[in-house]
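K.L.:
Sharing a structure with you now.
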Amino acid sequence: MENAASLNRLELLQVADAVAREKVIDRDIVLEAMEEAIQKAARAKYGNENDIRANIDRGTGEIRLARIREVVEEVENDSTQITAANAQAEKEGAVVGDLLVDPLPPIDFGRIAAQTAKQVIVQKVREAERERQFHEYKDRVGEVVNGIVKRVEYGNVTVDLGKADAVVRRDEMLPRESFRQGDRIRAYIYDVRQEQRGPQIFLSRSHPQFMAKLFGQEVPEIYDGIIEVKAVARDPGSRAKIAVLSNDSSIDPVGACVGMRGSRVQAVVNELQGEKIDIIQWSPDQASFIVNALAPAEVAKVVLDEDANRIEVVVPDDQLSLAIGRRGQNVRLASQLSGWDIDILTEEEESNRRQAEFTERTQSFIAALDVDETIAQLLAAEGFTSIEDVMYVDVAEIAEIEGFDEEIAEELSRRAQEFVEKTNAELEEKRQALGVSDDIVNLQVLTLAMIVALGEAGIKELDDLADLAGDELVNAEDGILRSFDLNLEEANQVIMAARAHWFEGDEAAAAETSENDDTTDATDEEIPAS
């Protein structure tokens, strides 16, 4: 009988070892699951109200059962607690807080108890396996993995990675791409999440970094860090652009990525189902980089607006369709690659627009400064864009314009000042008529023209302005100040300045508290020791 019990104990440990190896989890986790299953069965036999604990000896496999009772001053639960007086009758010297351990005889598992124990063990092992999978794969986000298609449901592909299952959702697949059970698949791990049903490993074949990692596998120079992939933009299954930079001046990054007779880039193209790839040399000069990014179109001129993060690209008339691409694909990918908003104009459109701007500025100078067309055109040609420019620029600088002398320069400056003062007086009068508070004027960030525009939109008090969001001021479609030269960052600064008075009370209270603390510390220091 003892030999049989010894054999059963050894079998128990062998089963734990086998499960731990198969599921790649810790042996103790399996034994703890067995202990919990035995506890559950024992409580079913001796009563669920009792605190019964099981322990499996890690060396021999012997199972010990015990009932645990806590020594307390006042008993609330007779099954799990005992008074100190009664405890001392059972165990000499027992005090409040001690635990009394009453050994119990081993139990025989019936069919139902065995089934319950099996469910508990399976559940615990499954949870441990999921935890292991999560911790193994959460640090592998950003890697490319290979797997075998396990099943396809509603376009979503479940992939067997060997030690875990992953999913490629339909929107992360390439267009017109299909897989069947048993097919091999390569994909990019872009997210690992711990969810109620276990860790979810999400794969993608349309992610921009999937293409970057494929180049890393095909191009040794990228793997070794000699060539860097700086940016990637994709229209999955159709076309992509990748910007590369060489840290070694003797190596051409574009040529290295293309490979001998296009072998390297072709391997990536084949994996991406024929997706066309433009390999572009990255440049720290944004204008040069964007010119490269718009290839194969030729660019005549670029104008950067760093405040608005926008770039204007001028191309020859016959290059317009090539620069924009089919359904705007080329310019869209170039914009994604560079991070700039790109506006494309033909040389004719740009010339017409500049002529219109020149004419508009000329007319504004004629009207405001009461000068003839020649003088107005000279000012516009020299780069003056507003009456304020004429007022604030040094007279000597204006006098240097060909055809001007100091007397003309002084007169132009005086007339500009008179016009600005008259305009400001009219705007101030309008501001007062609208009832816009002086608090808004005191913000200093806003011009009088902006303040009047706010008043016309019903923004008359600081709280009215503070309740707005930055884009409500500068939104291109309906922003209150959209016609002024104000970007989103500046608009947000205006809003925060308007909200400053909301926090003045808190700051004053904090300062007063700090002052009181300092006074208390000083008083404590003055009290002599008794």
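K.L.:
Look through Ile185, Ile242 and report the one residue that is in contact with a Gly (Cβ under 6 Å, 6 or more places away or on another chain) and under 27 Å from Val167 (Cβ atoms).
P.N.:
Residue meeting the stated conditions: Ile185.
K.L.:
Also: Tally up the residues in segment 172-220 that are small (Gly, Ala, Ser), more than 21 Å from Glu153 (Cα to Cα) and in contact (Cβ under 8 Å) with a residue 24 or more places away in the chain, please.
P.N.:
1
K.L.:
Of the residues Lys150, Lys118, Lys138, only one is at pLDDT 80 or above and assigned to a helix (DSSP H, G or I); which?
P.N.:
Lys138
K.L.:
Quick check on segment 242-265: of everything there that is in contact (Cβ under 8 Å) with a residue 24 or more places away in the chain, over 30 Å from Ser178 (Cβ atoms) and in a helix (DSSP H, G or I), which residue is most open to solvent (accessible area, probe 1.4 Å)?
P.N.:
By that ranking, first place goes to Val254.
K.L.:
While we're looking at this one, here's another question. Output the residue which, of all residues in segment 430-448 that are of a type in the set (D, E, K, R) and at pLDDT below 85, is nearest to the chain's Cα centre (by Cα).
P.N.:
Per the criteria, the residue is Asp439.
K.L.:
Being β-branched (Val, Ile, Thr) and within 18 Å of Glu407 (Cα to Cα) is the filter here, so list the residues in segment 367-386 that pass it.
P.N.:
Of everything in segment 367-386, those that are β-branched (Val, Ile, Thr) and within 18 Å of Glu407 (Cα to Cα) turn out to be Val371, Thr374, Ile375.
K.L.:
Quick check on Arg239: is it more than 22 Å from Asn146 (Cβ to Cβ) and open to solvent by 40 Å² or more (accessible area, probe 1.4 Å)?
P.N.:
yes
K.L.:
Here is a follow-up. Output the residues belonging to segment 207-233 that are open to solvent by less than 20 Å² (accessible area, probe 1.4 Å) and either assigned to a loop (DSSP other than H, G, I, E, B) or of a type outside the set (Gly, Ala, Ser) (or both).
P.N.:
Phe210, Met211, Leu214, Phe215, Val219, Ile227
K.L.:
Taking Leu294, is it crowded, with 20+ Cβ neighbours inside 10 Å and touching a Gly at 6+ places or on another chain (Cβ under 8 Å)?
P.N.:
no
Here is a yes/no grid of residues against (1) in a helix (DSSP H, G or I); (2) over 24 Å from Gly162 (Cβ atoms); (3) modelled with pLDDT under 75; (4) of a type in the set (Phe, Trp, Tyr):
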residue	(1), (2), (3), (4)
Asn3	yes, yes, yes, no
Arg9	yes, yes, yes, no
Asp17	yes, no, no, no
Leu31	yes, yes, no, no
Arg53	no, yes, no, no
Gly59	no, yes, no, no
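K.L.:
While we're looking at this one, here's another question. Name the single residue that is farthest from Val141 (Cα to Cα) among those in segment 193-206 being open to solvent by 20 Å² or more (accessible area, probe 1.4 Å) and part of a strand (DSSP E or B).
P.N.:
The residue in question is Glu195.
K.L.:
Could you tell me whether Asp341 is more than 29 Å from Ala416 (Cβ to Cβ) and open to solvent by 60 Å² or more (accessible area, probe 1.4 Å)?
P.N.:
Yes: the conditions hold for Asp341.
The values are calculated or read from the model by the stated rules, or taken from the named source; none is laboratory data. For clarity, every value in this text was computed on a predicted model and none was experimentally measured. Please note: Cβ atoms are built from the backbone with ideal geometry, for glycine as well, and neighbour counts cover all protein chains shown. Side chains included, ligands, DNA and RNA excluded: accessible areas come from the protein's heavy atoms. Shrake-Rupley method; radii C 1.70, N 1.55, O 1.52, S 1.80 Å.
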